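Below is one structure, written out as structure tokens; the observations come after it.
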Amino acid sequence: MTSLLEKRRLIVSPGLVPAQQRREDKFGHPQNVDVDLTIGLINNMPDAALQATERQFMRLLRQAAGDIRIDFHCFSLPSVRRSQPAKGRIESHYTDIADLGRLPIDGLIVTGAEPNASELSGEAFWRDLTDIIDWAKDNTRSAIWSCLAAHVAVLHLDGIERHRLETKCSGVYNCVALSSHWLTNDLPSPFKVAHSRLNELRADDLTMKGYQLLSFSTKAGVDSFAKDFGSEFIFFQGHPEYESLSLEREYLRDISRFLSGERDSYPGIPVGYFDAETEQKLVAFAARALSERRPALSAELPDRTLRQGSTAGTAATMMFRNWIDFLSERTRTAAAEINL
């Protein structure tokens, strides 16, 4: 079978030409810099979150870049099903995934996707994503695997199975650093991270296969972990990139799916996210939804107020600044070795 990264097709849009990135895809301050970085985002999130995910990661990288210029490329796996509007955006704004191998990618970020199969290996994107995992080991300095992408990666690399949770892990959780690692340098303790998932990777399973646990939550479990595969792989079970309203959008989506009959169970309120008054209102609405289940009821959801301090804030920026510093140091070292 032809590998995803061996495919080539004619580049028909100037926006997709690697050497001519649009202005908004470059950030940092180019004057007086000694290193440029090329970072790719493989965005596998569902259509409703496609642009939000672009925005979230671009915001974090801008905040973290400092004086380092970053050339940023978005990619999408062709095996992730898309609506026509989403396909149009990808065609006009994204770099062709077939060009990934031609770009000097320093750092790669790979997002999760909405699951459709009972087993990860049964997902339509399994082969494409595992090809990317194998490619990243030899062609990046570091790669970040987020949420479901982290689950796919450790299953493919080391046969580590995820475990289904009794209830969805959804909310903003206090996490603490577990060991000394460049990613967690200068992080506050505790720091907050949003989680939104139906499955988990367990600490013992990861450490038995040589993964270093980086951060942990007593309520949400493993938050982040790492392993060196030639490229330094960083894994997030949570979503440090999430904006303040990201969990709310997912929660309201799940309520609408319940009311329309697309899901069987009513979603739990995200932990540590809404203020106490809002939680009371949502509990009352849940009781009503269970007795009056109908799609139109979603229009009668109560007003909502978030709990103060319910976002990752500076902790997420600090992690990405540490990641960029790591990429920059690796790039400088490689350049120095070439010039010897």
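Looking at the stretch 198-226, which of its residues are of a type in the set (D, E, K, R), open to solvent by 10 Å² or more (accessible area, probe 1.4 Å) and in contact (Cβ under 8 Å) with a residue 24 or more places away in the chain? Break it down stepwise before answering.
Looking only at the stretch 198-226, we keep the residues that are of a type in the set (D, E, K, R), and these are 200, 202, 204-205, 209, 219, 223.
Okay, now just the ones that are also open to solvent by 10 Å² or more (accessible area, probe 1.4 Å), so 200, 202, 204-205, 209, 219.
Answer for the stretch 198-226, where residues must be of a type in the set (D, E, K, R), open to solvent by 10 Å² or more (accessible area, probe 1.4 Å) and in contact (Cβ under 8 Å) with a residue 24 or more places away in the chain: 200, 202, 205, 209, 219.
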Taking the conditions exactly as written (open to solvent by less than 40 Å² (accessible area, probe 1.4 Å) and among the polar types (S, T, N, Q)), does residue 180 satisfy them or not? no
What number goes with the only condition from (1) in a helix (DSSP H, G or I); (2) farther than 27 Å from residue 58 by Cβ; (3) not hydrophobic (A, V, I, L, M, F, W, C) that residue 267 does not pass? (1)
Hey, any hits in the stretch 313-325 for a residue that's in contact (Cβ under 8 Å) with a residue 40 or more places away in the chain, charged (D, E, K, R), open to solvent by 50 Å² or more (accessible area, probe 1.4 Å) and more than 30 Å from residue 69 (Cβ to Cβ)? no
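Just to verify a result, which residue in the stretch 154-173, among those that are charged (D, E, K, R) and touching a helix residue (DSSP H, G or I) at 6+ places or on another chain (Cβ under 7 Å), is nearest to residue 112 (Cα to Cα)?
Of all residues in the stretch 154-173, those charged (D, E, K, R) come to 158, 161-162, 164, 166, 168.
From what is left, the residues that are touching a helix residue (DSSP H, G or I) at 6+ places or on another chain (Cβ under 7 Å) are 161-162.
Values: 161: 16, 162: 14 Å.
Across the stretch 154-173, the extreme among qualifying residues is 162.
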Residues satisfying the stated conditions in the stretch 279-312, i.e. open to solvent by less than 60 Å² (accessible area, probe 1.4 Å), within 19 Å of residue 259 (Cα to Cα) and not in a helix (DSSP H, G or I): 301, 302
Unmet requirement for residue 113, which otherwise passes all of (1) in contact (Cβ under 8 Å) with a residue 60 or more places away in the chain; (2) surrounded by fewer than 22 Cβ atoms within 10 Å (Cβ to Cβ); (3) out of contact with any strand residue (DSSP E or B) (no Cβ under 7 Å at 6 or more places or on another chain): (2)
For residue 276, are the conditions met, namely being closer than 25 Å to residue 243 by Cβ and open to solvent by less than 40 Å² (accessible area, probe 1.4 Å)? no
Name every residue in the stretch 174-221 that is more than 22 Å from residue 113 (Cβ to Cβ) and assigned to a strand (DSSP E or B), in order of residue number. 174, 175, 176, 177, 191, 192, 212, 213, 214, 215, 216, 217
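The values are calculated or read from the model by the stated rules, or taken from the named source; none is laboratory data. All values derive from a computational prediction rather than experimental measurement. Cβ atoms come from the backbone with ideal geometry, glycine included; neighbour counts cover every protein chain shown. Surface areas here come from the heavy atoms of the whole protein model, side chains and all, with no ligands, DNA or RNA. Shrake-Rupley method; radii C 1.70, N 1.55, O 1.52, S 1.80 Å.
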